[in-house]
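Take a look at the structure set out below.
The values are calculated or read from the model by the stated rules, or taken from the named source; none is laboratory data. From a predicted model like this one, the values you see are computed outputs, not experimental measurements. With ideal geometry, Cβ positions are generated from the backbone for all residues, glycine too; neighbour counts draw on all protein chains shown. Protein only, heavy atoms only, side chains kept; ligands, DNA and RNA dropped before computing areas. Shrake-Rupley method; radii C 1.70, N 1.55, O 1.52, S 1.80 Å.
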Amino acid sequence: MGSHRIEPSLVLQNAAKAEKDRTLGLFDLTILGVGAIIGTGILVLTGIVAAQDAGPAVTLSFLIAATASCLIGLCYAELTTSIPNSGGAYIYTWVSIGRLPAFFTGWTLLGVYVATTATVANGWTGYVKSFLYELNVHLPSSLLVPAGNGGLVNLPAVIMVLLITLLLMQGTGQSKFVNDCLVCVKLIVILLFIVVSIRDVNPVNWRPYFPYGAQGVMTGAGAVFFSFLGFDALATSAEDAQDVQHSIPRAIVYSLVISTTLYIIVGLVMTGVVKYPKLAVSEAMSYVLITRGHKLVAQVVSAGAILGIIAVVYAFIYAGSNIMKAMSRGGFLPASWSKLNERSGSPNRAILLNGCLAAALAGEFDLHYLALIANVGSLIVFFLVSLMVILLRKQYPHLARPFVVPGGKVVPLLAMTICIALLITISKEAWLAYIAWLVFGGVIYIAYSRHHVIA
């Protein structure tokens, strides 16, 4: 296995890119992270987890999940600044463990990003339907429901994913402005919700604060942990990041701090305005506003949610295409998929493949098992990232490390422990779905990858 590791110097050479060609500054990277993290979590999960798992203590669930994410984020920061490559955890695995584990890490990441994109896009249609309903516009239900759930196609989701795919194919320099605007709109409507609703907060609604006990808080933490998955997309942007040694660690921390603060405030406001058992609805923000007579603001928030979720899709298609580009460059996937477009400088074939696959899944399939793949796959990748911080320090002690996780091995070991604890709680069907995805990847590795891999 060790003989199949790739040298960091080769990875750095392949990923070399002039500073003038890098288009993402600290603001853009932070916005990318916030855009990926703040999405369906704050718009959907906050109310549902409060109602079903944690009650008003959902704020503590978010704090616990954010702490775990921060530990993992610090590990990502050390690896990303040491080996700034768009392959993220896939490349780190190849350098520290070997090519076969690297392939399955990359394959897992592809599954996570495509499944998350499709799941988010599928849920996005619900907001579109609700928004249009208030305007007395009714689309045929057969065009809003995927074939896996009895309809024909989830047409809005397909169209949205394909449009974002085309936008990304114009290059990060052109598309980042649109993404920055979408995320800013999302932040504005969340702040609008807080400002309008905070006047309706009644502290009585926060009692009891722990209706489901400590176990409920931990169950809630496991549920909302997946709200923070977006920060790992920053690791795949290393080749497009300016001043990568400083910008990515800061962007990871900033995006987590901003997102966690908003999650906690929104959780406090929601459970303070409406008693927690009533929040088990998919559009909790709009529901809370409507119960207090703020119908116009509810419409604005719904419109903001529609735009905000688009930013999540943007982040994950971008991340997935970077993983595909890196795997193609390593020979695990066809070489043409990593070719950069002369005009846009982006891997358009990889972007198009990721976008079309996500669009097809969002439009036609029941995404329950795909979402489960994302849950299991993400935690396994996070475990490996934390492990590789320790391995790479031992294997390559002289490798330049502009950012080093403080505390020696303590932070990586804590992050690994948290990942194992959460993996144990995941259902058997989730593991079966993930294993099926690995088997599919194994067929590709045997049929193609092992004959073309560069090392």
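Write out, first by first residue and then by second, each pair whose Cβ atoms fall under 6 Å of each other, whose residues are 6+ apart or on separate chains, and whose first residue, in the stretch 387-413, is closer than 23 Å to residue 67 by Cα while the second is surrounded by fewer than 15 Cβ atoms within 10 Å (Cβ to Cβ).
So the pair list comes out as 390/409.
Cβ contacts < 7 Å: first residue over 11 Å from residue 122 (Cα atoms) and modelled with pLDDT of 85 or more, restricted to the stretch 356-371; second residue in a helix (DSSP H, G or I) and open to solvent by less than 40 Å² (accessible area, probe 1.4 Å), any location; separation 6+ or different chain. Result?
These pairs meet every condition: 357/114.
Which residue is surrounded by the most Cβ atoms within 10 Å (Cβ to Cβ), if the candidates are limited to the stretch 166-183 and must be part of a helix (DSSP H, G or I) and modelled with pLDDT of 85 or more?
In the first step, residues of the stretch 166-183 are kept if they are part of a helix (DSSP H, G or I); the result is 166-168, 172-183.
Narrowing the set further to residues that are modelled with pLDDT of 85 or more leaves 166-168.
Details: 166: 14, 167: 18, 168: 28.
Filtering first and then ranking leaves 168.
Which of the residues spanning the stretch 439-451 are open to solvent by 90 Å² or more (accessible area, probe 1.4 Å) and under 18 Å from residue 94 (Cα atoms)?
Residues satisfying the conditions are 446, 450, 451.
Quick one: how many residues across the stretch 186-236 are in a helix (DSSP H, G or I), polar (S, T, N, Q) and open to solvent by 20 Å² or more (accessible area, probe 1.4 Å)? Quick ask: steps written out before the conclusion?
Looking only at the stretch 186-236, we keep the residues that are in a helix (DSSP H, G or I), and these are 186-200, 203-206, 213-236.
Those left that are additionally polar (S, T, N, Q): 197, 205, 215, 219, 227, 236.
Narrowing the set further to residues that are open to solvent by 20 Å² or more (accessible area, probe 1.4 Å) leaves 205, 215, 219.
Qualifying residue count, the stretch 186-236: 3.
Could you pull out the residue among 74, 45, 110, 100 that is closer than 26 Å to residue 414 by Cβ, modelled with pLDDT of 80 or more and either part of a helix (DSSP H, G or I) or open to solvent by less than 10 Å² (accessible area, probe 1.4 Å) (or both)?
Values: 45 fails: modelled with pLDDT of 80 or more; 110 fails: closer than 26 Å to residue 414 by Cβ; 100 fails: closer than 26 Å to residue 414 by Cβ.
Selected residue: 74, the only one of 74, 45, 110, 100 that is closer than 26 Å to residue 414 by Cβ, modelled with pLDDT of 80 or more and either part of a helix (DSSP H, G or I) or open to solvent by less than 10 Å² (accessible area, probe 1.4 Å) (or both).
Please verify whether residue 81 is open to solvent by 30 Å² or more (accessible area, probe 1.4 Å), in contact (Cβ under 8 Å) with a residue 12 or more places away in the chain and touching a helix residue (DSSP H, G or I) at 6+ places or on another chain (Cβ under 7 Å), treating the condition exactly as stated. Steps first, please.
Working: open to solvent by 30 Å² or more (accessible area, probe 1.4 Å): no; in contact (Cβ under 8 Å) with a residue 12 or more places away in the chain: yes; touching a helix residue (DSSP H, G or I) at 6+ places or on another chain (Cβ under 7 Å): yes.
Criteria not met by residue 81.
Considering only residues of the stretch 373-387 that are open to solvent by 10 Å² or more (accessible area, probe 1.4 Å) and more than 15 Å from residue 228 (Cβ to Cβ), which is modelled with the lowest pLDDT?
The residue in question is 373.
Can you tell me which residues in the stretch 280-321 are of a type in the set (S, T, N, Q) and under 14 Å from the mean Cα position of the chain (by Cα)?
Applying the first criterion (of a type in the set (S, T, N, Q)) to the stretch 280-321 yields 282, 286, 291, 299, 302, 321.
321, the sole residue that qualifies.
Every residue, every condition in (1) in contact with a strand residue (DSSP E or B) (Cβ under 8 Å, 6 or more places away or on another chain); (2) open to solvent by 10 Å² or more (accessible area, probe 1.4 Å); (3) within 19 Å of residue 240 (Cα to Cα), yes or no:
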| position | (1), (2), (3) |
| --- | --- |
| 274 | no, no, no |
| 283 | no, yes, no |
| 287 | no, yes, no |
| 296 | no, yes, no |
| 317 | no, no, yes |
| 320 | no, no, yes |
| 329 | no, yes, yes |
| 343 | no, yes, yes |
| 359 | no, no, no |
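If you go through the stretch 259-272 one residue at a time, do you hit one that is free of Cβ contacts under 8 Å to residues at least 12 places away in the same chain, open to solvent by 10 Å² or more (accessible area, probe 1.4 Å) and over 30 Å from residue 133 (Cβ atoms)? Show your work before the answer.
In the first step, residues of the stretch 259-272 are kept if they are free of Cβ contacts under 8 Å to residues at least 12 places away in the same chain; the result is 261.
Next cut, open to solvent by 10 Å² or more (accessible area, probe 1.4 Å) only: 261.
If we keep only those that are over 30 Å from residue 133 (Cβ atoms) too, we end up with 261.
Yes, some residue in the stretch 259-272 is free of Cβ contacts under 8 Å to residues at least 12 places away in the same chain, open to solvent by 10 Å² or more (accessible area, probe 1.4 Å) and over 30 Å from residue 133 (Cβ atoms).
Residues being of a type in the set (A, V, I, L, M, F, W, C) and open to solvent by 60 Å² or more (accessible area, probe 1.4 Å): count how many of those fall in the stretch 392-409. Before you say what the answer is, go through the steps one by one.
Just the residues of the stretch 392-409 that are of a type in the set (A, V, I, L, M, F, W, C), to begin with: 392, 399-400, 403-405.
Then keep just the ones that are open to solvent by 60 Å² or more (accessible area, probe 1.4 Å); that gives 400, 404.
The number of residues fulfilling the criteria is 2.
Can you name the number of the only condition in (1) in contact with a Leu (Cβ under 9 Å, 6 or more places away or on another chain); (2) at pLDDT 85 or above; (3) farther than 19 Å from residue 326 by Cβ; (4) open to solvent by 50 Å² or more (accessible area, probe 1.4 Å) that residue 352 fails?
Residue 352 satisfies all of (1) in contact with a Leu (Cβ under 9 Å, 6 or more places away or on another chain); (2) at pLDDT 85 or above; (3) farther than 19 Å from residue 326 by Cβ; (4) open to solvent by 50 Å² or more (accessible area, probe 1.4 Å) except (3).
Give the residue that is least open to solvent (accessible area, probe 1.4 Å), with candidates limited to residues of the stretch 135-159 that are part of a helix (DSSP H, G or I) and in contact with a helix residue (DSSP H, G or I) (Cβ under 6 Å, 6 or more places away or on another chain).
Applying the first criterion (part of a helix (DSSP H, G or I)) to the stretch 135-159 yields 141-143, 147-149, 155-159.
Okay, now just the ones that are also in contact with a helix residue (DSSP H, G or I) (Cβ under 6 Å, 6 or more places away or on another chain), so 143, 147, 155-158.
Working: 143: 60, 147: 49, 155: 69, 156: 22, 157: 0, 158: 30 Å².
Filtering the stretch 135-159 for residues that are part of a helix (DSSP H, G or I) and in contact with a helix residue (DSSP H, G or I) (Cβ under 6 Å, 6 or more places away or on another chain), the one least open to solvent (accessible area, probe 1.4 Å) comes out as 157.
I'm trying to understand the selection: among the residues of the stretch 417-429, which are within 19 Å of the chain's Cα centre (by Cα) and either among the polar types (S, T, N, Q) or at pLDDT 85 or above (or both)? Give the derivation first.
Of the residues in the stretch 417-429, the ones within 19 Å of the chain's Cα centre (by Cα) are 418-419, 422-423, 426.
Hits for the stretch 417-429 are 418, 419.
Hey, among the residues in the stretch 414-455 that are part of a loop (DSSP other than H, G, I, E, B) and β-branched (Val, Ile, Thr), which one's farthest from residue 326 (Cα to Cα)? Even if it seems obvious, please write down each step before you answer.
Let us first name the residues in the stretch 414-455 that are part of a loop (DSSP other than H, G, I, E, B), namely 426-427, 453-455.
Filter again for β-branched (Val, Ile, Thr), leaving 426, 453-454.
Values: 426: 30, 453: 12, 454: 12 Å.
So the residue we want is 426.
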